Amino acid sequence: MNIPEIEQNIKKINARIEEACKNCGRNSDSILLVAVSKTKPNEMILEALKGGQIHFGENRMLELEEKMFAIKDDSIQWHMIGNLQTNKIKKIAHRVDWIHSVEKTKYLDEISKRAEENNRTIKVLIQVNISDERQKGGCKPEDLAEILNHAKGLSNITVAGLMGMATFTDDLEEIRKEFVLLKQLFEQHQSFNEGNIQLTELSMGMSGDLEIAVEVGSTMVRVGSDIFGSRN
Ligand SMILES: *Cc1c(COP(=O)(O)O)cnc(C)c1O
């Protein structure tokens, strides 16, 4: 992928989102594009930023820390989308805006503590395992209520929604089924909305399945390879 193509690729993704919205009667303003820049150099992020992209996602805490340090641009919103480690949360809490991959109460406690130390609020999404692949991470659907209850009253975090990843498969009906499950969980837990729990975001859909995700009700799509090129 050479750098000049990135702006073009972002335009193409926005056109795909637009088209998917048109096909199901949604407004594309209701969908946020998170450009997943993991493994890619800072120059590519800066190029995307020049093209108007402001939300960037990373899946490794150290890589995110390094990129946030190297690219000091206040307009960027940084999203942590990968596996968390409790002892590294303090390294990103001073700057990260969104954490999509919260699957355990211990992470909520640590994010709250570190956000408070930094005098800021971090928006979190609870990741739910909707696939049959264990390595995808996320809590079990039946544990969601307990996690939301735990989050109630924790300072300096807002629980803004749910995140999920579909099984890696060509079976579009399987992907749809999994996204529908996440959408249903999202609807079923709206009753928790109060104070710092405000479930408004549904983070689902990637390069290969964003159209299905939009159709099912996604509000955040996380797109990497179709913007920045494939990864080794
Ligand atoms: C890598 C990654 C993405 C982006 O995947 P692509 O297929 O490259 O678009 C989305 N979400 C998560 C959690 C990821 O780790």
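What follows draws every value from the coordinates through simple rules; no lab data is involved. From a predicted model like this one, the values you see are computed outputs, not experimental measurements. Heads up, the Cβs are rebuilt from the backbone with ideal geometry, glycines too, and the neighbour counts pull from every protein chain shown.
The table below gives the values:
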| item | result |
| --- | --- |
| Alpha-carbon spread of the chain, three principal axes, descending order, Å | 45, 41, 31 |
| Mean ellipticity per residue at 222 nm, deg cm²/dmol - from DSSP H runs of n ≥ 4 across the chain, formula -39500 (n - 2.57) | -11500 deg cm²/dmol |
| Ascending count of other beta-carbon atoms within 10 Å, so fewest first, for Trp98, Trp78 | Trp78, Trp98 |
| Simple label model, 7 Å out from Cα along Cβ direction - Ala145 to Glu63, nm | 3.8 |
| Amide H partners (placed H, <5 Å) of Gly57, local residues excluded | Ala35, Val36, Ser37, His79 |
| Net length gained if the chain between Glu173 and Arg120 were fully extended (0.36 nm per residue, minus Cα distance) | 15.0 nm |
| Vicinal HN-Hα couplings computed from phi for region 217-232 (Karplus, 6.51 cos²θ - 1.76 cosθ + 1.60; Hz; Gly/Pro x) | x, 4, 10, 9, 10, 10, 10, x, 4, 6, 9, 9, x, 5, 10, 6 |
| Computed lengthening from Ser191 to Asp29, 0.36 nm per intervening residue step minus Cα-Cα distance | 55.8 nm |
| Counting DSSP beta bridges with both ends in the chain, the antiparallel % (nearest 5) | 5 |
| Ascending count of other beta-carbon atoms within 10 Å, so fewest first, for Asp132, Asp74 | Asp74, Asp132 |
| Rg/Rg_globular for region 49-139, with Rg_globular taken as 2.2 N^0.38 Å and Rg from C-alpha atoms | 1.09 |
| Highest-fluctuation residue, Glu194, Glu63, Glu47 considered, GNM on the chain with Cα pairs under 10 Å | Glu194 |
| Relative contact order %, region 143-232, counting alpha carbon pairs below 8 Å whose residues are six or more apart | 28 |
| Inter-label distance, nm, simple model (7 Å from Cα along the C-beta direction), Ser75/Lys22 | 2.8 |
| Ranked packing of 15-28, 211-224, most packed first, by mean Cβ within 10 Å | 211-224, 15-28 |
| Taking region 181-232 and dividing mean pair separation by its residue count, relative contact order in percent (alpha carbons under 8 Å, at least six apart) | 28 |
| Order of Met68, Met80 - criterion: other Cβ atoms within 10 Å of each residue's Cβ, fewest first | Met68, Met80 |
